[in-house]
Structures are given as structure tokens and as C-alpha cells.
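See below for the structure under consideration.
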């Protein structure tokens with residue numbers, strides 16, 4: 001996300017909701033300025049998270065050391081992100097970011113907090129195919145990572161199959 005530059009002629013940059021991005025069709029020097037505000041459900045972040053807000057067929061965890069509508073915690077890792085995947089295709093994404101109080105819980109739908117205009121500097125979204133990563137799959141590797149980083153999971157949903165398939169994720173970081 002770009003910093004708020006009140007003197008910018010671009011209204012999204014001026015109000016602190018503009019962002020640039022690279023995607024799978026970009027080369028390393030082809031950053032694109034989005035025409036959508038990061039606050040919009042039509043932003044790349046909004047579209048990425050959309051499936052989680054409209055379908056119960058996905059497994060996900062939302063973690064943030066500054067969760068929405070909860071106090072800041074010093075006993076968990078300084079980390080923020082989303083891990084989400086779909087059982088049938090075993091594809092998913094890991095979104096790592098710096099935005100406090102983000103994303104909202106599923107019941108609230110997509111939104112971007114006002115604090116993100118100042119403190120939301122980065123987002124990195126990595127897609128994966130869990131069945132293609134050898135010798136361990138991506139979800140198992142991330143589960144191990146989470147054991148070390150101790151994220152504050154503030155909302156999660158794992159399907160029965162995901163709970164059985166990824167016991168380290170289900171039992172290791174998700175509060176009971």
C-alpha cells in the first residue's frame with residue numbers, strides 16, 4: 001500500500017488507500033497502480049478474500065497481533081495474515097501483511113480498517129497447491145512455521161477433512 005501523500009493528484013494516494021501490485025502476469029519491473037481503493041471489496045485483496053466471506057467450503061485462519069475488536073497482545077508473535085485453502089482442489093493462499101485490525105471476521109464481510117491507511121504498509125499473497133509440494137505439503141510447512149511464530153488466531157474455520165488431514169494446524173495453533 002502506498003503512503004498517504006495529501007499533495008498527490010491521485011485521490012487514492014492522497015487519502016491513503018492507493019496501492020501498487022505485481023501479479024502473475026507482471027515482470028519484476030512492472031508494478032501496477034490499482035484503480036481501486038484498498039478499502040473496496042473490488043480491490044485485489046478484497047477479491048482474494050471474497051471466497052472466504054461467501055463460502056463455507058474453505059478452511060482458513062485469520063491471525064493478527066492487533067485483531068479487530070480485541071486488545072493488543074504481547075504474548076503472541078508479532079505477525080499478521082491469513083491462511084486459506086479449499087479441500088477439493090487443495091489449493092490456497094497465504095496472505096502476510098502489516099495491517100492492524102485486519103481482516104474483519106467472516107460475519108462482518110470484507111472491510112479495511114482506518115488504521116490501515118497509516119500502518120498498513122505491505123501485503124504479500126502467495127498461492128499454493130498443497131498436494132504438489134514435496135516432501136511435505138505447503139499447509140504442513142506453514143503449520144510448523146506457525147508453531148514457531150505463535151500467531152494470535154482470532155477467527156478460524158477448518159473443514160472436517162482439513163482437521164483430519166492437517167492435525168498439526170488443527171491442534172497446534174488454533175485455540176480450543
*Selected residue [under 23 Å from residue 18 (Cα atoms), modelled with pLDDT of 90 or more and touching a strand residue (DSSP E or B) at 6+ places or on another chain (Cβ under 7 Å)] from 85, 93*: 93
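Does residue 101 satisfy the criteria of being surrounded by fewer than 17 Cβ atoms within 10 Å (Cβ to Cβ) and touching a helix residue (DSSP H, G or I) at 6+ places or on another chain (Cβ under 9 Å)?
Working: surrounded by fewer than 17 Cβ atoms within 10 Å (Cβ to Cβ): no; touching a helix residue (DSSP H, G or I) at 6+ places or on another chain (Cβ under 9 Å): yes.
No; evaluated as a whole, the condition is false for this residue.
Among 102, 85, which is in a loop (DSSP other than H, G, I, E, B), in contact (Cβ under 8 Å) with a residue 24 or more places away in the chain and within 16 Å of the chain's Cα centre (by Cα)?
Values: 85 fails: in a loop (DSSP other than H, G, I, E, B).
Only one candidate qualifies: 102.
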_Selection count where residues are more than 15 Å from residue 43 (Cβ to Cβ), free of Cβ contacts under 8 Å to residues at least 60 places away in the same chain and touching a helix residue (DSSP H, G or I) at 6+ places or on another chain (Cβ under 7 Å), scope region 1-18_ = 3
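Within region 1-20, which residues are surrounded by 13 or more Cβ atoms within 10 Å (Cβ to Cβ) and within 19 Å of residue 111 (Cα to Cα)? Steps first, please.
Taking region 1-20 first, the residues surrounded by 13 or more Cβ atoms within 10 Å (Cβ to Cβ) are 1-2, 4-5, 8, 12-19.
If the condition is that a residue be surrounded by 13 or more Cβ atoms within 10 Å (Cβ to Cβ) and within 19 Å of residue 111 (Cα to Cα), then 1, 2, 4, 12, 13, 15, 16, 17, 18, 19 are the ones that fit.
Do we have residue 97 as touching a residue at least 12 places away in the same chain (Cβ under 8 Å), more than 11 Å from the chain's Cα centre (by Cα) and more than 16 Å from residue 140 (Cα to Cα) here? Steps first, please.
On the way: touching a residue at least 12 places away in the same chain (Cβ under 8 Å): yes; more than 11 Å from the chain's Cα centre (by Cα): no; more than 16 Å from residue 140 (Cα to Cα): yes.
No.
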_Residue, nearest to the chain's Cα centre (by Cα), within region 1-31, restricted to residues that are farther than 30 Å from residue 155 by Cβ and in a helix (DSSP H, G or I)_ = 13
_Exclusive hit being part of a loop (DSSP other than H, G, I, E, B) and in contact with a strand residue (DSSP E or B) (Cβ under 9 Å, 6 or more places away or on another chain), set 71, 67_ = 67
*For residues that are surrounded by fewer than 17 Cβ atoms within 10 Å (Cβ to Cβ) and under 15 Å from the mean Cα position of the chain (by Cα), scanning just region 32-66, find the one that is modelled with the lowest pLDDT.*
51
*asked:* Looking at 41, 37, can you tell me which residue is touching a helix residue (DSSP H, G or I) at 6+ places or on another chain (Cβ under 6 Å) and not in a strand (DSSP E or B)?
replied: 37
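The values are calculated or read from the model by the stated rules, or taken from the named source; none is laboratory data. The structure presented is a predicted model; accordingly, all values stated were derived computationally and were not measured. Reconstructed Cβ throughout: ideal geometry from the backbone, glycine too, with neighbour counts over all protein chains shown.
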